[in-house]
Amino acid sequence: MRYVIANWKMYPQKREDALRIFSDTVALTQRLSGIRVAICPPFVWLSLVAAAAKSLVWLGAQDAAWAAEGAFTGEISPAMLKNIGCKMVIVGHSERRKHVEETSEMIAKKTAAVLGSGLYAVLCVGERQREGEWEKEIIAQTRSAVAGLNALLVRRLIIAYEPVWAIGTGRADTAGDAVTSILLIRRVLTDEIGDSAAKEVPVLYGGSVSEKNVREFSSEPEIDGFLVGHASLNPAEFARIAQAAQRGGKR
Ligand code: PGA
């Protein structure tokens, strides 16, 4: 199964725009078979669009609290997200690692909390720069979040390989280099959770995915889909990306 996941980031600013983008995206993607489409709007729009969500298109959140409940002002628990119809949560996005200084420890706790509440976790990993010991960054991020997860939890784990330098820059990775990093992630998964469980974890690519470059990535069987940022705010472009992922996945 390939996944195509929309990360709206901190957009749009108005409720009517959120509803429009959501319903247009659902209308354009709900009939695609063989791929799972998910949309992750900001928290405030989740309940609003949940009413319009069709079961075939998943609703997801961009973050969740690391604890199940408690005195955590401003935080949103995985259980709350599940209760309003979310199926997945993005965890450890590089914008959260950078701007709110989420640590590996918090990300590991969030991953476990999200998976433990029955939701899918989309764990984001990726190097800040492709120089020096950049591979070590990917290995450490993956290992610290996955270590200790049991086999049942891992069934709902998805990893998004997102080189930070490619996010929002219009400078996507090459498909070949993305595959090299994805194979590295798979090796860490094999070490941590065993060969058979590691094979089942979808690993997506993210970072300036657009309708122009998606075909190159889609032809790689190692890439199990995409985490799409800016381009996901344009329903027509996002739908074309999803179609390309669907066709590539069938080859
Ligand atoms: P981008 O963002 O597609 O705008 O580069 C990717 C992401 O935020 O996951």
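Some observations on this one:
- The listed peptides 74-86, 98-110, ordered by packing as a protection proxy, come out as 74-86, 98-110 (highest mean of other Cβ atoms within 10 Å first).
- The ellipsoid that matches the Cα gyration tensor of the chain has semi-axes, each √(5λ) in whole angstrom, of 24, 23, 17, with the longest given first.
- Checked against a 19 Å cut-off, the cross-linked pairs LYS87/LYS199; LYS9/LYS136; LYS87/LYS110; LYS136/LYS212 give Cα-Cα distances beyond that limit for LYS87/LYS199; LYS9/LYS136; LYS136/LYS212.
- Part-to-part distance (alpha-carbon centres) for region 43-65 and region 210-251, which is given in Å: 21 Å
- Across region 120-251, the fraction of Cα-Cα pairs farther apart than 20 Å, rounded to a whole number, is 42%.
- Computed over the chain, relative contact order equals 21 percent, with contacts defined as Cα pairs under 8 Å that lie 6+ residues apart.
- Residue among SER55, SER94, SER47 with the largest mean-square fluctuation in a Gaussian network model of the chain, springs linking Cα atoms under 10 Å: SER55
- Selection from ALA160, ILE139, ASN150, by position along the positive dipole direction of region 115-171 (Cβ): ASN150
- When peptides 59-65, 168-174 are sorted by average Cβ neighbour count within 10 Å, with the highest value leading, the order is 59-65, 168-174.
None of the figures in this text is laboratory data; all of them are computed from the coordinates on show. Here the structure is a predicted model, which means the values were calculated and not measured. Here Cβ is always computed from backbone atoms with ideal geometry, including for glycine, and neighbour counts include all displayed protein chains.
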